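Following: one structure in C-alpha cells, then a few remarks.
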Number of protein chains: 4
Amino acid sequence: MNRTRIRVRYPETDRMGIVHHTHYWVWFEVGRTELMREIGCPYDRVEERHGLYFPVIALGGRYRASARYDDVVSVATQLTAFGGPRMRFEYEARCDERDEVLATGFTEHAVTGRDHRPRRLPRELVELLRGEGDVK
Amino acid sequence: MNRTRIRVRYPETDRMGIVHHTHYWVWFEVGRTELMREIGCPYDRVEERHGLYFPVIALGGRYRASARYDDVVSVATQLTAFGGPRMRFEYEARCDERDEVLATGFTEHAVTGRDHRPRRLPRELVELLRGEGDVK
Amino acid sequence: MNRTRIRVRYPETDRMGIVHHTHYWVWFEVGRTELMREIGCPYDRVEERHGLYFPVIALGGRYRASARYDDVVSVATQLTAFGGPRMRFEYEARCDERDEVLATGFTEHAVTGRDHRPRRLPRELVELLRGEGDVK
Amino acid sequence: MNRTRIRVRYPETDRMGIVHHTHYWVWFEVGRTELMREIGCPYDRVEERHGLYFPVIALGGRYRASARYDDVVSVATQLTAFGGPRMRFEYEARCDERDEVLATGFTEHAVTGRDHRPRRLPRELVELLRGEGDVK
C-alpha cells in the first residue's frame with residue numbers, strides 16, 4: 001500500500017468552488033505511479049525497458065466530500081489483483097486535516113505491448129508485484 | 001437522448017499516443033450540458049436561476065477502443081433516472097468513422113443548493129426532465 | 001485566417017467562476033488545427049505522413065475580459081510568419097454575444113523531425129502555407 | 001524567491017511524448033502559491049479573508065527543452081514587481097537531473113475584488129510582499 005500526499009492546484013477547482021470530479025483520477029494515477037516506484041518497478045521503466053503499457057480498461061468511484069483549493073489530499077493506493085493480462089488498483093483519497101474521506105475508486109488495466117495487443121506480465125514484474133502484500 | 005460530436009484536442013492525448021482516460025468524463029459532461037439544453041433547462045440557468053448544483057457522487061465506465069488526436073467522437077447521453085435529490089445519466093462515446101464504441105459510462109448526481117445540502121428538484125425541472133422519453 | 005467556435009466546458013472554469021487562463025492556449029491550438037485543415041494540410045497528417053512536429057517554443061498573450069461557462073468563444077487564427085524551421089501564429093478569442101475581446105496571443109513553433117532536431121518545411125507544405133493570404 | 005519541486009504526471013504528456021506546453025503555466029501557478037505561502041500570505045487566505053483575486057492579465061514564456069513523464073521539475077518563482085493594482089512574477093523551470101532549463105516565463109496580475117473591479121493591495125499584504133527581497 002502506498003500513501004502519497006498531493007496539494008490541490010487552483011485550476012483543479014471549478015466554478016462550484018470545489019475540485020472537479022475528473023482530477024481525482026489524475027491523483028489516483030499519481031498514487032499508482034508512486035506504488036509502482038515503491039515496489040521497484042517504476043512505470044516509466046515498464047514502458048521504456050519492457051515495452052509494456054497498462055491502459056485503463058474500466059474504472060469506478062464514489063465521491064463523499066469535496067476537496068478545495070490548497071487542501072493536502074492523501075491518496076492511498078493498493079494493488080488488489082493481477083494475473084495474466086490484467087491488473088486492478090484501489091484508491092482512497094482523504095483530507096487528513098478535516099479527517100474526511102473525499103473519494104474512493106478502482107481502476108482495471110490491460111497489459112499490452114506497443115502494438116496495443118495483450119501481453120502477459122514478465123516474470124520479473126510478477127515477482128515484484130507479488131511482493132506487494134496487499135494483492136489478494 | 002442527445003448526440004453531440006466532439007473533436008479530439010491535441011493535449012487530450014498522452015504519450016501512449018491515445019486519449020487519456022480522464023478526458024472521456026469531460027466529454028460526457030459536454031453531453032450532459034447539451035442534453036439539458038435540448039430539454040429546455042440549460043445547466044447554466046439551473047445554477048444561476050434555481051441556485052441548484054448537480055455534483056457527481058458516483059461514476060463508472062469501460063474503455064473498449066482508443067480515441068486518437070483529431071478523431072470526431074460522437075457522445076450519446078441519456079437521462080436514465082431521476083427523483084428526489086438524485087439523477088443518473090448514461091453515456092456512449094463512439095468513433096463513427098471507424099464504427100467503434102470507444103467507451104461507455106454512467107454518472108450519478110446529487111441535487112444540492114449553494115450550501116451543498118440536498119434539495120428536491122423543483123416541479124418546473126421535473127416536468128422538463130419527465131418529457132425526456134428515455135427516463136425509466 | 002480561420003475562425004472556429006468553441007463552447008466553454010464546465011471544468012475549464014475555476015473557483016473564481018471564470019475560465020482559467022491556461023485553457024485559452026488549448027483553444028488557440030484548436031484554432032491552429034482548424035487553420036491547418038482549412039489550407040489542406042491537417043496537422044495529423046503533417047505528423048504522420050511527413051514525420052514533422054511543430055512544438056511551441058514561445059508564446060505570449062493578454063487577457064482582456066473573462067469567459068464563462070457555456071459561453072461560445074470565437075477564435076480567429078492567422079499564420080503570420082513562416083520560413084526555414086520556424087512558424088508564428090496569432091490569435092484573438094472573442095465572445096460574440098457580449099461583443100468582447102477576451103484574449104489575444106501568439107505562439108512560435110519550431111519545425112522538427114521525430115528526433116526533435118530542426119527540419120525545413122517541405123516544399124509541398126510551404127506552398128500550401130503561402131496560399132494562406134495572411135502570411136506576411 | 002521560492003523553489004518548488006513538481007513531478008511530471010502522465011496526463012501532462014501528449015502524443016509527442018513530452019509535456020504539453022500548457023502545463024508549465026499550471027506549475028508556475030503552483031510556484032506562485034508556494035511563494036505566497038512562504039512570505040506569510042497564502043493565496044487561499046488572500047481570497048477568503050481579504051476578498052481579493054489576482055487574475056492573470058498577461059503572460060509570456062519560452063520553451064528551451066522538453067520535460068518528460070516522471071521528471072522532477074524544479075520551479076523557481078520570483079515576485080519582480082508590485083504596486084497599485086498590479087503584480088508581476090517570473091519563473092524558471094529546470095530539470096536538475098539533466099541540468100537543463102526547460103522553460104522561463106512571466107505572469108502579470110491585476111488585483112481585484114469579488115466584483116472583478118480593481119482594488120489596491122491592503123497595507124498588510126504590501127508589507128509582506130516588500131519583505132520578499134527579489135522585488136525591484
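The values are calculated or read from the model by the stated rules, or taken from the named source; none is laboratory data. Values in this document were obtained by computation on a predicted structure and should not be read as measured data. Every residue, glycine among them, receives a Cβ derived from its backbone with ideal geometry; neighbour counts consider all protein chains shown.
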Selection within segment B:7-57 - among the acidic types (Asp, Glu) and within 30 Å of residue D:19 (Cβ to Cβ): B:12, B:14, B:29
Kindly establish whether residue C:45 is within 16 Å of the chain's Cα centre (by Cα) and at pLDDT below 95. no
Examine segment D:5-13 for a residue that is of a type in the set (Asp, Glu), touching a Phe, Trp or Tyr at 6+ places or on another chain (Cβ under 6 Å) and surrounded by 22 or more Cβ atoms within 10 Å (Cβ to Cβ), and state whether such a residue exists. no
Sole miss for residue D:28 among (1) touching a strand residue (DSSP E or B) at 6+ places or on another chain (Cβ under 8 Å); (2) away from chain C (no Cβ under 13 Å); (3) modelled with pLDDT of 95 or more is condition (2)
Of the residues in segment A:59-72, those that are part of a strand (DSSP E or B), of a type in the set (A, V, I, L, M, F, W, C) and surrounded by 19 or more Cβ atoms within 10 Å (Cβ to Cβ) come to A:59
Do we have any residue at all in segment D:82-93 that's in contact with a Pro (Cβ under 6 Å, 6 or more places away or on another chain) and at pLDDT below 95? yes
Candidates A:114, A:98, A:123, A:86, filtered to the one that is surrounded by fewer than 19 Cβ atoms within 10 Å (Cβ to Cβ), of a type in the set (Lys, Arg) and within 12 Å of another protein chain (Cβ to nearest Cβ): A:114
If you scan segment B:1-23, which residues turn out to be outside any loop (DSSP other than H, G, I, E, B) and not hydroxyl-bearing (Ser, Thr, Tyr)? B:2, B:3, B:5, B:6, B:7, B:11, B:12, B:19, B:23
Quick check on segment B:84-107. Is at least one of its residues among the β-branched types (Val, Ile, Thr) and over 18 Å from residue B:2 (Cα atoms)? no
Per the filter on segment D:88-112, residues free of Cβ contacts under 8 Å to residues at least 40 places away in the same chain and closer than 16 Å to residue D:72 by Cβ are D:92, D:94, D:95, D:96, D:97, D:98, D:99, D:100, D:101
Say we look at segment B:7-24 and pick out the residues that are under 18 Å from the mean Cα position of the chain (by Cα) and within 7 Å of chain D (Cβ to nearest Cβ); which of these is farthest from residue B:66 (Cα to Cα)? B:22
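Each row is one residue, and each column tells you yes or no for (1) part of a loop (DSSP other than H, G, I, E, B); (2) over 16 Å from residue D:22 (Cα atoms); (3) under 17 Å from the mean Cα position of the chain (by Cα).
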{"site": "C:79", "(1), (2), (3)": "no, yes, yes"}
{"site": "C:82", "(1), (2), (3)": "no, yes, yes"}
{"site": "C:90", "(1), (2), (3)": "no, yes, yes"}
{"site": "C:94", "(1), (2), (3)": "no, yes, yes"}
{"site": "C:102", "(1), (2), (3)": "no, yes, yes"}
{"site": "C:109", "(1), (2), (3)": "no, no, yes"}
{"site": "C:115", "(1), (2), (3)": "yes, yes, no"}
Residue B:26 in a strand (DSSP E or B) and closer than 25 Å to residue C:25 by Cα: no
Can you find, within segment D:44-58, the residue that is surrounded by the most Cβ atoms within 10 Å (Cβ to Cβ) among those that are in a loop (DSSP other than H, G, I, E, B) and more than 7 Å from chain C (Cβ to nearest Cβ)? D:54
Does segment C:59-71 include one or more residues that are in contact (Cβ under 8 Å) with a residue 40 or more places away in the chain, among the hydroxyl-bearing types (Ser, Thr, Tyr) and more than 10 Å from every other protein chain (Cβ to nearest Cβ)? no
Taking segment D:87-120 and keeping only residues that are touching a strand residue (DSSP E or B) at 6+ places or on another chain (Cβ under 7 Å) and over 23 Å from residue D:71 (Cβ atoms), one is left with D:87, D:88, D:108, D:109, D:110, D:111, D:112, D:118, D:119
One residue from B:126, B:135 being touching a strand residue (DSSP E or B) at 6+ places or on another chain (Cβ under 6 Å) and at pLDDT below 95: B:135
Report the residue count in segment C:33-43 for those that are outside any loop (DSSP other than H, G, I, E, B) and either aliphatic (A, V, I, L, M) or in contact (Cβ under 8 Å) with a residue 24 or more places away in the chain (or both). 4
State which residue pairs qualify: first residue β-branched (Val, Ile, Thr) and inside segment D:113-131, second residue part of a helix (DSSP H, G or I) in any location, beta carbons under 8 Å apart, and separation of 6 or more residues or different chains. none
Looking at D:19, D:30, D:75, D:26, can you tell me which residue is of a type outside the set (Ser, Thr, Tyr), in contact (Cβ under 8 Å) with a residue 24 or more places away in the chain and either surrounded by fewer than 22 Cβ atoms within 10 Å (Cβ to Cβ) or out of contact with any helix residue (DSSP H, G or I) (no Cβ under 8 Å at 6 or more places or on another chain) (or both)? D:30
Checked A:33, A:4 against criteria (within 14 Å of chain B (Cβ to nearest Cβ) and not basic (Lys, Arg)); the one match is A:33
